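Computed from the coordinates by the stated procedures, all read-outs in this text should not be read as laboratory data. The structure presented is a predicted model; accordingly, all values stated were derived computationally and were not measured. Every residue, glycine as well, gets a Cβ built from its backbone with ideal geometry; the counts of neighbours run over all protein chains shown.
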Amino acid sequence: MMELTKKISLFGRTRALENEIDEFLNHLSQGSLLFKIAIKVYLKEGCTDDFEHKLQDVNKMESAADHLRRAIETKLYAQTLIPDSRGDVLGLVENLDHILNLYEGSLWAFFIEKPDIPEDFHNDFEQLTDLAVQSSESLVLAARGFFRDPGSVGDHNHKVMFFEKEADKVSTKLKQAIFSSDMDLSHKMHLRNFVEHIDNVADWAEDVADRLAIYVIKRTN
C-alpha cells in the first residue's frame, strides 16, 4: 500500500496517524462491500442466518471505525498535530464515519422490520444499492486523494456526484413503481422507507464530497 508520506507532507512524520486514517478508510470500504452483499442476500433469501452474519460484520466494521476515529481525534488534539488542518481532518473523518452508521442502521431496519419486497422490485433495489455503494467507494478514493494527492480529489468527487444522480433516478423510479402498484398503502409506505434508507447513503456521500472539495481548496491555496 502506498504510504501517505510519499505523496504529501500534511502529517510530516506522524506515521501512526497516517496508518490509522488509512485503516479507517479501509473499514469504510469493507463496510460498503458487506452492505452490498447483505442487501443482495436479503433480496434473494430474506432475513436468513447469512444476512444476520453480514449485519454483524458491518456492526464490527462500524465499531472498529469508531475506535479509530476516537484514536485519530486524540492524536490530533492531545499531540497538537497539524493545527492548520486539524478541524478539516476531524470533520472529514466524522462525516465518513456517518456512512458506516447509515449502513448499520439500514441493515438493522431490514433485520427488525423484515420488509416484504415483491420480486418485481428486486432488480431496482439491487441497482440502487450498487449505485449507493459506488458513490461511497468513490468518496473513499477522494478521501485518500485528499491526504496523498489533492489534485486527484476532483476526479473522484465527479464520480461521487455521477453515482448519486443515478441513484436518485433509480430511487424515484422505484418509488413511483411502488406507489403505482396495487399493494396496501401501509405496504407502499413501508417499502418507500427502505428505498430512502439506501438512497440516503448516496445523498450523504455527495454532501461529504462537497465539503471535501472545500477542504482541498483551503489546503492548496
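Quick one: P(r) of the range 14-220 from all Cα-Cα pairs, 10 Å bins, percents rounded to integers, in order of increasing distance. Calculated P(r), rounded to whole percents: 9, 34, 32, 17, 7, 1, 0.
A Förster radius of 45 Å, combined with the Cβ-Cβ distance separating Q176 from I214, puts the computed FRET efficiency at roughly 0.85. Counting 0.36 nm for each residue step from R86 to M183 and taking away their Cα separation leaves a gain of 29.8 nm. The length gained on full extension between Y77 and K165, counted as 0.36 nm times the residue separation minus their Cα-Cα distance, comes to 28.0 nm.
Determine, from the Cβ-Cβ distance of H98 and A16 and an R0 of 22 Å, the FRET efficiency 1/(1 + (r/R0)^6), rounded to the nearest 0.05. Efficiency computed from Cβ-Cβ geometry: 0.35. Helix 86-113 against the longest principal axis of the chain: what's the angle in degrees, Cα atoms only, rounded to the nearest 10? So the helix axis and the longest Cα principal axis differ by about 20 degrees. Computed about the Cα centre, the dipole magnitude for the range 14-220 is approximately 620 debye when only Lys and Arg (+1) and Asp and Glu (-1) carry charge, each at its Cβ. For a Förster distance of 30 Å, can you work out the FRET efficiency between the beta-carbons of W108 and H158, rounded to the nearest 0.05? Efficiency computed from Cβ-Cβ geometry: 0.40.
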